[in-house]
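The values are calculated or read from the model by the stated rules, or taken from the named source; none is laboratory data. Computed from a prediction, not measured in an experiment: that's the story for all the values here. Neighbour counts run over all protein chains shown; Cβ positions are idealised from the backbone, glycine included. Areas reflect the complete protein model, heavy atoms only, side chains present, ligands, DNA and RNA absent. Shrake-Rupley method; radii C 1.70, N 1.55, O 1.52, S 1.80 Å.
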Amino acid sequence: MSTLPPTASHMRPSTLDERLTSFNERYRQQKITHRNWTILYGALFLAALAGSVFVSDFSIPKLVKGLPMAWNYIVGTMPTLTLENFWSDLAEWYWGLRYWLRLLVETILMGFVGTVLGGVFALALCFPAARNLVESTGVYFAARRILEFCRTVPELVFALIFVFAFGLGPFAGVLAIAVHTAGSLGKLFAEVNENVDPRPIEGVRAAGGNWPMIMRLGVVPQVLPNYASYLLLRFEINVRGASALGLVGAGGIGEELYVAIRQFEYTDISAIMLLLILTTSVIDITCEFIRHRLIGHSLTQSA
C-alpha cells in the first residue's frame, strides 16, 4: 500500500507556523545585514567624498566666480565678423588655414598609426591576459601587469620620454599613443575574451588544435566585432590626444596651438580649436557609421 507524501494540508498547523516563523526570521536578518552594509558603504562614500573635496580644495563659491571668467576668455578668442566684410574677416581669421590643415592631417595620421600599432600590441597580449584562456598564472599575471603599466603612465609622460630619446616630431607622438593604446585596448580586449562562449573553444581543442589555433578559430570569430568597435572608439580618442601631445613637441597641430596660447594670439586659438572640434565631429560620425555597419553585419550573419 503506497503512502502519499505529506502536503501542506496534511501538516500540523504548528509545523507550518514554525516554518513560517523561521522563514520570517531569516528574511529579517538578511534585511538587517543588507541595511547595515548599505549604511557602511554609504558612510565610506561620504567620507571619501569629503576627503576628496578637502584635498582638492573644491569650492562652490570659487566655481561660481570662475565660470564667468572662463567664458570671458572663450569669448575673447572669437573674432569680430561683420556682414559687410564677412568673407574678408573670415579670411583674416583663418589666415593660416593651409598650414593648419597640414598640421591637422599630421595629427590625424598620428592618431591612426598609433591606434594601429597599439591595437596590434594589444591583440598580442589580450589572449594571455584573459584568465579563461591561459592555464599559467605567471603568464596571466605578467600580461596583466604589462598592460597596466602601458595605460597607467599618461601619454604626455611617454611623449616626453620619446621626445628626449628620438627628438622633436610626430614619431615621438606616435610611439606615445601606441604604448598607451596598447594598455587600454589590451584590457578591453581581454575582458571581451573572458566572456566568450566556451563551446567553440572546446570543439577546436577536441579536434586537436593547439593554443594559437584555439585563439584563431574558437575565440576571434566571436569577439571580432567588439574588437573593431573598441578600436574605432580608441581612434577617436587618439586623434584628440594627438592634438595635445604637440604641447611637448611631439608633432601635430598641438604645437601651433601651444605657440598661439603662449603668444596670446587669441583669434588663432579659436580658429585652431574650431578646426579640432569639426575634425573630431567628422571622425566621430564616420566611426559611428562604421561601428553600426559592423554590428549590423555581425547580427545578420548570426541570425
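Provide the net charge surrounding V239, with neighbours chosen by a C-beta distance below 12 Å and charges set as Lys +1, Arg +1, Asp -1, Glu -1. Present the calculation step by step, with values, prior to reporting the outcome.
Working: positive: R234, R240; negative: E106, E236, D284.
Charge balance near V239 sits at -1.
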Q. Counting only protein heavy atoms and using a 1.4 Å probe, what share of the accessible area of the range 99-254 belongs to carbon plus sulfur, as a whole percent?
A. 71 percent
Q) So what does log10 I(q)/I(0) come out to for the range 50-140 at q = 0.13, 0.16, 0.22 Å⁻¹, using the Debye formula with one equal point on every Cα and no solvent? A) -0.88, -0.89, -1.05
Q: Compute the semi-axes of the equivalent ellipsoid of the chain, taking the square root of 5 times each eigenvalue of the Cα gyration tensor, and list them largest first in whole Å.
A: 53, 32, 21
Q. So how far, in whole Å, is the C-alpha centre of the range 17-39 from the one of the range 57-82?
A. 55 Å
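Using a probe radius of 1.4 Å on heavy atoms only, what accessible surface per residue do you get for the chain? Whole Å² is fine.
Values: 19810 Å² over 303 residues.
Accessible area per residue: 65 Å².
Can you list, largest first and rounded to whole Å, the semi-axes you get for the range 150-303 by taking the square root of 5 times each eigenvalue of its Cα gyration tensor?
Numbers: eigenvalues 312, 81, 16 Å².
Semi-axis lengths for the range 150-303 are 39, 20, 9 Å.
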(Q) For a quick check, take a GNM of the chain with Cα springs below 10 Å and name the residue from G251, G114, G218 with the largest mean-square fluctuation. (A) G218
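For every helix of n ≥ 4 consecutive DSSP H residues, a contribution of -39,500 (n - 2.57) applies; sum these over the chain, divide by its total residues, and give [θ] at 222 nm rounded to the nearest 500 deg cm²/dmol. Before the final figure, lay out each step's value.
Values: 12 runs with 237 residues, N = 303.
It comes out at -27000 deg cm²/dmol, rounded to the nearest 500.
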**Q.** Where only C-alpha atoms are counted, convex hull volume of the range 109-160 per residue in Å³
**A.** 71 Å³
Q) Just N36, N238, N195 to compare: in a GNM of the chain, with alpha carbon springs under 10 Å, which one fluctuates most? A) N36
Q: Report, to the nearest 10°, how far helix 155-166 tilts away from the longest principal axis of the Cα atoms in the chain, using its own Cα long axis and a range of 0 to 90°.
A: 50 degrees
**Q.** In nm, spacing of pseudo-spin labels at N36 and S136 (7 Å Cα→C-beta vector)
**A.** 4.6 nm
**Q.** Among H292, H34, H180: highest mean-square fluctuation, GNM of the chain, C-alpha pairs under 10 Å
**A.** H34
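Would you please calculate the Kirkwood hydrodynamic radius of the range 164-235 over all C-alpha pairs and express it in Å, rounded to one decimal?
Working: mean 1/r = 0.0703 Å⁻¹.
Evaluated over the range 164-235, this radius sits at 14.2 Å.
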Q. Relative to the longest principal Cα axis of the chain, at what angle does helix 97-126 sit, 0 to 90 degrees, rounded to 10?
A. 30 degrees
Q: Return the inverse of the average 1/r over all pairs of distinct C-alpha atoms in the range 202-256, which is the Kirkwood hydrodynamic radius, in Å to one decimal.
A: 14.0 Å
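Could you work out the relative contact order of the range 104-242, using alpha carbon pairs under 8 angstrom and six or more residues apart, expressed as a whole percent?
Numbers: 177 pairs, mean separation 50.5, N = 139.
Normalised by residue count, the contact order of the range 104-242 is 36 percent.
Please work out the ratio of the alpha-carbon Rg of the range 18-92 to 2.2 N^0.38 Å and round it to two decimals.
After normalising by residue count via 2.2 N^0.38 Å, the value is 2.57.
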